[in-house]
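Novice: Take a look at the following structure, please.
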Amino acid sequence: MATAAQNRIEEDVWIPTCCGQCYCMCGIKVRRQNGIVTEIEGNPDAPTGRGSICPKGLASPHLLYDPYRVNYPLKRTNPEKGLGVDPKFVRISWEEALDTIVQKLNECRDRDPRGAFFQATTTQASEIRFGVIGFMKGFGTPNYWVSGGGLHCGNGAHFMNGIMHVAWSIIPDFAHCNYALNFGCSKGHGAGHVDVQNATKAADARARGFKNVVFDPFQSAQASKAHEWVPIKVGTDGAMALGLVNSLLNEHGIYDAEYLMYKTNAPYLIRPDDGRYVRDDVTGNPIVWDLEDNCPRVHNDSAVARVEYEDEAHEVALTGTFKVNGMDCNPAFVLLKEHVKKYTPEYVEKITSVPAAAVSRIAKEFGEAAEIGSTVTIQTEKGPKKIPSRPVATHFFRGAQGHTNSGWTCLSIDMVNHMVGAADTWG
Ligand code: SF4
């Protein structure tokens, strides 16, 4: 039984820090009494989590005080390995552990520093990886791998997000989005990057009328919270996305011509002989057709290029046939419209099991919710700036991309956004 002296609280402090139980690194406050962690809660002043934490974070003191926690170095003494073989670990001092590692690293560096390979995991706190990278640079090896390859992580998703959005990961702009399509993706539902914060934002969005449609083969966390769960055959998300693109373009005639003209390669003219871009002889840049001066121009010619939304520029062709270098050329958008024509709602139903009527309806709902043509004015350090408002989003992650043709699947899903101009803008 504890004595009165032992029960006396001589220290009682709350320490602001980060939870280290996963890479989200939610801001937390830890209560320490007499040197013991007694309580954890979310830190409302922290941008990650905004005061909320998940059950795993909340339970982390149990890990700290787990009687089986490994608190000191162990050395394997049995060289024989195999199932059921006792590794005969023995406790060693930190000095011996560090000396052993330093000796091995020195031997490696003498042979060739590139022989050192560092392996990290995505499920550790992010800042640890920066320390590892700094050490690697100093050591002289470029060989480093953050595990998570394969289905575990976002092979196609990160790749495509990087190309299309210069981002590791994408989520809807929950503060302004009104309609989102999740493809095998739990963001906003207690998983993924900055998960607690996204879950809070998604909950706030729902309260103000945001609608979430979830394509998922099973009733996942996000499907169970969805306004509409659309069961889909495993690995067919790409076909579903192309079906939505077809319905938008060829069935409902919904697309953001302004966005496609100035922000994508949809107007680039295509050679009929090899299907590649028609390019300028001098710069090698792709060519578009200037509808105002009725002539070909390099795509980034100031007459036809718009950087900011309010910049003035001539319209360029998205449809039609134009004679360039003696060839009859179409804008890429014409080829895209033709290419996706085979993804009729009925064809998509056969592949995905999603009813044809649902494919067509969801495309229409998405296209209408995009509010094509609408704008908002935001404040920037250079003053007010008008930008498009497109309060819709498709997003994808492991479920959609953990299959063959992962990159193409992600590109197809992302293309639904681009058809209505809903990329990297308000909404
Ligand atoms: S999501 Fe949970 S486990 Fe991950 S950092 Fe936040 S509180 Fe910790």
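The values are calculated or read from the model by the stated rules, or taken from the named source; none is laboratory data. All values reported here derive from a predicted model rather than from experimental measurement. Heads up, the Cβs are rebuilt from the backbone with ideal geometry, glycines too, and the neighbour counts pull from every protein chain shown. Each accessible area value is taken on the protein alone, full model and side chains, heavy atoms only, with ligands, DNA and RNA left out. Shrake-Rupley method; radii C 1.70, N 1.55, O 1.52, S 1.80 Å.
Novice: Can you compute the FRET efficiency between D280 and N405 using 1/(1 + (r/R0)^6), with r the Cβ-Cβ distance and R0 = 35 Å? Round to the nearest 0.05.
Specialist: 0.60
Novice: Give a quick list of chymotrypsin sites (Phe, Trp or Tyr not before Pro) in segment 165-261 that DSSP marks as loop, anything other than H, G, I, E or B, with at most 15 other Cβ atoms within 10 Å.
Specialist: Those that pass, being in a loop and sparsely packed, are W168, F218.
Novice: Antiparallel as a % of all DSSP beta bridges within the chain, to the nearest 5?
Specialist: Of all bridge pairs located within the chain, approximately 65 percent are antiparallel.
Novice: Can you list the HN-Hα couplings for segment 288-301, worked out from phi with the Karplus curve (6.51, -1.76, 1.60; θ = phi - 60°), rounded to whole Hz and with x for Gly and Pro?
Specialist: My calculation for segment 288-301 gives 10, 10, 6, 6, 7, 9, 6, 8, x, 9, 5, 4, 9, 4 Hz in order.
Novice: Here's a follow-up. Using Cα centres only, tell me the gap between segment 9-70 and segment 290-307 in whole Å.
Specialist: Segment 9-70 and segment 290-307 have Cα centres spaced 57 Å from each other.
Novice: Rounded to the nearest 500, what is the chain's calculated 222 nm mean residue ellipticity when only DSSP H runs of at least 4 contribute -39500 (n - 2.57) each, over all residues?
Specialist: Calculated from helices alone, the mean residue ellipticity at 222 nm is -9500 deg cm²/dmol.
Novice: Each residue of segment 23-40 in order: what ³J(HN,Hα) in whole Hz does its phi give by Karplus 6.51 cos²θ - 1.76 cosθ + 1.60, θ = phi - 60°, with x for Gly and Pro?
Specialist: Once rounded to whole Hz, the list reads 6, 6, 6, 4, x, 10, 10, 10, 8, 10, 10, 6, x, 10, 6, 10, 7, 9.
Novice: Right, here's the next one. If N is the number of residues in segment 151-205, what value comes out of its Cα radius of gyration divided by 2.2 N^0.38 Å?
Specialist: Rg over 2.2 N^0.38 Å, computed on Cα atoms: 1.13.
Novice: If each residue of separation counts as 0.36 nm, what is the full-extension length gain between K364 and C295 once their alpha-carbon separation is subtracted?
Specialist: 21.3 nm
Novice: Another question about this same structure. Averaged per residue, what accessible surface does the chain expose to a 1.4 Å probe, in Å²?
Specialist: Result: 54 Å² of accessible area for each residue.
Novice: If you don't mind, there's one more thing I want to ask. Which order do the peptides 43-53, 271-281 come out in when sorted by mean C-beta neighbours inside 10 angstrom, highest first?
Specialist: Highest to lowest by the protection proxy: 43-53, 271-281.
Novice: Among P113, P87, P67, whose Cα projects farthest towards the positive end of the dipole of segment 57-127, with charges put on the beta-carbon of Lys, Arg (+1) and Asp, Glu (-1)?
Specialist: P87
Novice: Right, something else. With an 8 Å Cα cut-off and a minimum separation of 6 or more residues, compute the relative contact order for the chain in percent.
Specialist: 16
Novice: Among the lysines, which fall within straight-line cross-link reach of K75, defined as a Cα-Cα distance under 18 Å, with same-chain neighbours fewer than 8 residues apart omitted?
Specialist: Straight-distance partners of K75: K88, K104.
Novice: Once both labels are modelled 7 Å past Cα along the beta-carbon direction, what's the E10-K385 spacing in nm?
Specialist: 5.7
Novice: Could I ask something else about it? With the cut-off at 32 Å, tell me which of the pairs K201/K263; K263/K364; K137/K263; K233/K341; K137/K385 have Cα atoms farther apart than that.
Specialist: Pairs exceeding the cut-off: K137/K263; K137/K385.
Novice: Taking all pairs of distinct Cα atoms, average 1/r, flip it, and tell me the Kirkwood hydrodynamic radius of segment 273-427 in Å to one decimal place.
Specialist: 18.6
Novice: Moving on. Working from Cα positions, state the angle (0 to 90°, nearest 10) between the long axis of helix 155-165 and the longest principal axis of the chain.
Specialist: So the helix axis and the longest Cα principal axis differ by about 50 degrees.
Novice: Then there is this: So if the hydrodynamic radius of segment 343-427 is defined as the Kirkwood radius over C-alpha pairs, what does Stokes-Einstein give as its diffusion coefficient at 20 °C and 1.002 mPa s, in µm² per second?
Specialist: For the chosen part, D equals 145 µm²/s.
Novice: What is the ratio of the Cα radius of gyration of segment 67-226 to 2.2 N^0.38 Å, with N the residue count, to two decimals?
Specialist: For segment 67-226, the normalised Cα radius of gyration is 1.48.
Novice: Would you kindly derive the ³J(HN,Hα) couplings of segment 373-388 from the backbone phi angles with the Karplus curve 6.51 cos²θ - 1.76 cosθ + 1.60 (θ = phi - 60°), listing them in order in whole Hz, with x for Gly and Pro?
Specialist: x, 7, 9, 9, 10, 10, 8, 10, 5, 9, x, x, 9, 8, 9, x
Novice: To the nearest 0.05, what FRET efficiency results for S374 and S353 with a Förster distance of 56 Å applied to their C-beta separation?
Specialist: 0.95
Novice: Viscosity 1.002 mPa s, temperature 20 °C: what is the translational diffusion coefficient of segment 58-108 from Stokes-Einstein with a Kirkwood Rh over Cα pairs, rounded to a whole number of µm²/s?
Specialist: Translational diffusion coefficient: 159 µm²/s.
Novice: Going by average Cβ neighbours within 10 Å, how do the peptides 94-101, 237-244, 385-392 rank, with the highest at the top?
Specialist: By packing density, highest mean first, the sequence is 237-244, 385-392, 94-101.
Novice: Compute, for the chain, the length of the dipole vector about the Cα centre, with Cβ point charges of +1 (Lys, Arg) and -1 (Asp, Glu) only. Units Debye, rounded to 20.
Specialist: 1380
Novice: In terms of Cα to Cα distance under 12 Å, which aspartates and glutamates are near enough to K337, apart from those fewer than 8 places away along the same chain?
Specialist: Hits, sequence-local ones excluded: E251.
Novice: Also, I was wondering about something else. Please give the contour-minus-distance gain from E310 to S93: 0.36 nm per residue of separation, less the Cα-Cα distance, rounded to one decimal in nm.
Specialist: 71.5 nm
Novice: Here is a further query. Compute the whole-percent fraction of alpha carbon pairs in the chain spaced more than 31 Å apart.
Specialist: 56
Novice: Output the direction-averaged projected area (hull surface divided by four) of the convex hull of the alpha-carbon atoms of segment 262-339, in nm².
Specialist: 5.2
Novice: What is the Rg over Rh value, at two decimals, for segment 12-64, using alpha-carbon atoms and the Kirkwood definition of Rh?
Specialist: That ratio is 0.94, to two decimals.
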